[in-house]
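As structure tokens, the structure follows; a few thoughts come after it.
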Amino acid sequence: MSNVEGKILRIYDKSKPEEEDLYETSHVNHWAWGLVVALLGVVFWLCVALVNAENQRYALMTNKCADPVFVGAIDKQCLLTVRSRDHWWEHLGYAFVHVTPEGPPKPPVFHRH
């Protein structure tokens, strides 16, 4: 190789891209963050379903959707639109605290004197 060729190769050698900076790498684990976002979505969906179920359960318990025509029947259209408590977070809080079903109310006990 001649001296002129060596100078030309050195000139073009400086214009070569640096391979360590050629590809952009990320140190963020996208699978883990994707899983976190998916699980948060599932938790949100379950909370919405829990609020809806508790709303309907409380409406049935307080007899807010009784059918006005047939005694003892339930108005299912009312059950879809009823707001049995003032706020959605009251349903969620009650459902989180009361995880076991309530038993039937005990009959009052009368004492004879």
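The values are calculated or read from the model by the stated rules, or taken from the named source; none is laboratory data. Everything numeric here is computed off the predicted structure, so don't read it as measured data. Here the Cβ positions follow ideal geometry from the backbone for every residue, glycine too, while neighbour counts run over all protein chains shown. The protein model used for the area step is the full one, side chains on, heavy atoms only, and it has no ligands, DNA or RNA in it. Shrake-Rupley method; radii C 1.70, N 1.55, O 1.52, S 1.80 Å.
Overview of results
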{"item": "Distance between modelled label sites at residue 46 and residue 97, nm, 7 Å Cα→Cβ extension", "result": "2.1 nm"}
{"item": "Scattering profile of the stretch 2-113 at q = 0.12, 0.16, 0.19, 0.20 Å⁻¹ [log10 I(q)/I(0), Debye over alpha-carbon scatterers]", "result": "-0.72, -0.93, -1.08, -1.12"}
{"item": "Partner lysines for residue 7 [C-alpha distance under 30 Å; skip if fewer than 8 residues away on the same chain]", "result": "16"}
{"item": "Label-point separation in nm, residue 16 to residue 110, each point 7 Å along Cα→Cβ", "result": "10.3 nm"}
{"item": "Selection from 94, 110, 11 lying farthest towards where the dipole of the chain points positive, charges on Cβ", "result": "110"}
{"item": "Global form of the stretch 10-63, assessed from the alpha-carbon gyration tensor, a/c cut-off 1.5", "result": "prolate"}
{"item": "Residue 29-residue 88 pseudo-label distance in nm [points 7 Å out on the Cα-to-Cβ vector]", "result": "3.2 nm"}
{"item": "Mean separation of Cα contacts under 8 Å (6+ apart) over length of the chain, as relative contact order %", "result": "21 percent"}
{"item": "Calculated FRET value between residue 78 and residue 53, using beta carbons and R₀ = 22 Å, to 0.05", "result": "0.85"}
{"item": "Accessible surface of residue 42 - all protein chains present, 1.4 Å probe, nearest 10 Å²", "result": "70 Å²"}
{"item": "Euclidean distance of C-alpha centroids, the stretch 49-88 and the stretch 29-46, integer Å", "result": "32 Å"}
